[in-house]
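All remarks here apply to the structure that follows.
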Amino acid sequence: MKKKKENSNASGLKIIPLGGLEQIGMNITAFQYEDSIIVVDCGLSFPADDMLGIDLVIPDVTYLKDNIDKVKGFVITHGHEDHIGALPYVLRDINVPIYATRLTMGIIENKLTEHNLMKKTKRKVVKFGQSINLGDFRVEFIKTNHSIVDAAALAIYSPAGIVVHTGDFKVDYTPVYGDAIDLQRFAEIGKKGVLALMCDSTNAERPGFTPSEKTVGKTFDTLFEEHKNTRIFVATFASNVDRVQQIINTAYKFGRKVAVEGRSMVNILDTAIKLECINIPENTLVDLDQMKNYPDEQQVIITTGSQGESMAALSRMANNMHRKITIGAGDTVIFSSNPIPGNEKSVTKIINELLRKGADVIFQDAHVSGHACQEEIKLIYTLIHPKYAVPVHGEYKHLKAQAKIAESLGISKDNIFILSSGDVLEVSEEQAKVAGRVPVGAILVDGLGVGDVGNVVLRDRQHLAEDGIMIVVMSLDRASGELVAGPDIVSRGFVYVKESDELIEEARRTVDDALQACLDKGITDWGKLKTTTKDVLSDYVWKKTKRRPMILPIIMEV
């Protein structure tokens, strides 16, 4: 009997991050014990600057597809896009039940409805303190605080030991809605002995504590007091229901009406109202169309677009593209968010645009982070007392910063693992080691196409964006192989044709000569003719302009 126990332990627990490490976003981690796999979160990330025309990036879940009969369910920590955004795409291949808390599930259901997946997907709403059994695992949901209501940490019980996954969290003793983080439960689980802690690293470089979300409420009171006679716009994250609650509270105090603009914000607010996660005083919320019935000093408009997204409501207002609202002198715009790394340029652009229009723009101190700073991370480590530390959620520098914190608390360097997405960490009471890799990567979503745009297409888009295109059209006689029409050259994004007639004409003659030389030698193979056209034209253009446009020869047979 004892022998069997050792074997089952030797098989160990595998922790397999399929995304979310070395980047902000696309969080998804698989936990495997023998024939059971559970998946924590399933997020998307937003495209980098060089991903031209891409809308979203979702994780590659080949590993889950290959082991579909073992996958027991998705367990979701909270309702942010970087934790739930990929669900509608991944569920098409991996249709397993979803477990989440109330508001998280409400937001997921909005997405499933949009993608016609509601009927096909099993869902279970879990309360804090409740556990669910999934194969060899038992998962307990623990109350935490974050910049969205109903965020949970997870205690994952397996035959190999307990793993605690914090999700995104901060320690907020005075949250706007609901209870403070359940530190008592963390301590109780710590007493049982925890194998590994997977802790949020986003703010691991920042010393001290993250201020309470409530402090933002006081800031709004001050700002509304200072701008009594202007119309007020507040830009924030759609999902930050607590922030919206505080803006509404302050607006109510100052006798102002509130309208909400931006599709994602309206959807989440509807869900929060339905689930009673937000408390709106009577007659405070009005439709945007009704706002014109009130003077400017009685209006507050909460909007999306705090990250400078070009199609979000605030950008459209700043660029005079919004159908109902224009921002101008006598308006105050409060940015209640910090730019996500990489978005600084777009945010600055919007701020400049608003200032040019004469608006008063406030972008300091009207925001607090939803992530734990160093002292809170230390607190969780001290309560949990894990044997192994596995920093998650962040770029490499954030993970490294958390590794340092863990070391300062006495966890041996050998027991701290900074993983890359795709690493398989095998953990047991005796030892932990990275044992192999699974396929991971980014699947690009462009419009309705999922994964049909890869590196080759992106490289072409980059090429087109940087150098333009030249199309060479010609017609060959099927019987004689003679050139009957062309070559004609059409270009886009290369040079302004009207001013470069000479260049284009000379290019045409160069191609014509080369083609005639081929045909005179009896070469009629299309592939050869196309290659000759490309080479000759490419050389000519490079000599004249030092540019390398994409060259597309088109041959028609008549």
What three numbers, in Å, describe the spread of the alpha carbons of the stretch 350-431 along their principal axes, ordered from the longest? 65, 29, 15
Rank the residues L18, L515 as a footprinting-exposure proxy: fewest other Cβ atoms within 10 Å of their Cβ go first. L515, L18
Charges on Cβ only, +1 for Lys and Arg, -1 for Asp and Glu, centred on the Cα centroid of the chain; of G522, H80, Q431, which one is farthest towards the dipole's positive end? Q431
So the number of lysine pairs in the stretch 214-362 with alpha-carbon atoms under 25 angstrom apart, 8 or more residues apart or on different chains, is 24
Would you mind ranking M51, M311, M470 by Cβ crowding within 10 Å, fewest neighbours first? M311, M51, M470
Could you give the alpha-carbon Rg of the chain over 2.2 N^0.38 Å, rounded to two decimals? 1.19
Please compute, for the alpha-carbon atoms of the stretch 329-395, the extent along each of the three principal axes and give them in descending order in Å. 58, 20, 10
1/(1 + (r/R0)^6) with r = Cβ-Cβ of L464 and E505, R0 = 22 Å, i.e. FRET efficiency to nearest 0.05, evaluates to 0.40
When D513, D200, D82 are arranged by how many other beta-carbons sit within 10 Å of their Cβ, fewest first, they go D513, D82, D200
Among residues other than Q298 whose Cβ falls under 11 Å from its Cβ, what is the net charge (Lys/Arg +1, Asp/Glu -1)? +2
Hey, if you put +1 on the Cβ of every Lys and Arg and -1 on every Asp and Glu Cβ in the chain, which of A329, P339, L154 ends up farthest toward the positive end of that dipole? L154
The answer for the net charge of residues other than R437 whose Cβ lies under 15 angstrom from its Cβ, with Lys and Arg +1 and Asp and Glu -1, is -3
What full-extension length gain, to one decimal in nm, is calculated for D69 and E34 as 0.36 nm per residue of separation minus the Cα-Cα distance? 11.4 nm
Work out Dmax and Rg for the stretch 406-558 from the C-alpha atoms and quote the Rg first, both in angstrom. 26.7, 84
Starting from the eigenvalues of the Cα gyration tensor, five times each then square-rooted, give me the equivalent ellipsoid semi-axes of the stretch 214-362, largest first, whole Å. 21, 18, 15
Rounded to the nearest 0.05, FRET efficiency between D513 and T348 (Cβ-Cβ, R0 60 Å) equals 0.70
Where nothing but the Cβ of Lys and Arg (+1) and of Asp and Glu (-1) is charged, how large is the charge dipole of the stretch 455-557 around its Cα centre, in debye to the nearest 20? 480
Nearest-20 debye value, the chain charge dipole, Cβ charges on Lys, Arg, Asp, Glu: 1260
How much length, in nm to one decimal, is gained on full extension between H115 and R492, taken as 0.36 nm per residue of separation minus their Cα-Cα distance? 132.0 nm
If each DSSP helix of 4+ residues adds -39,500 (n - 2.57) and the sum is divided by the residues in the chain, what number results at 222 nm, nearest 500 deg cm²/dmol? -10000 deg cm²/dmol
Cα-based Rg and Dmax for the stretch 262-317, where Dmax is the largest Cα-Cα distance (Å): 12.8, 34
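Just so you know, all these numbers are worked out from the coordinates, no wet-lab data involved. This one's a predicted model, so the numbers in the text were calculated from it and none came from an experiment. All Cβ positions, even for glycine, are placed from backbone atoms using ideal geometry, and neighbour counts span all protein chains on display.
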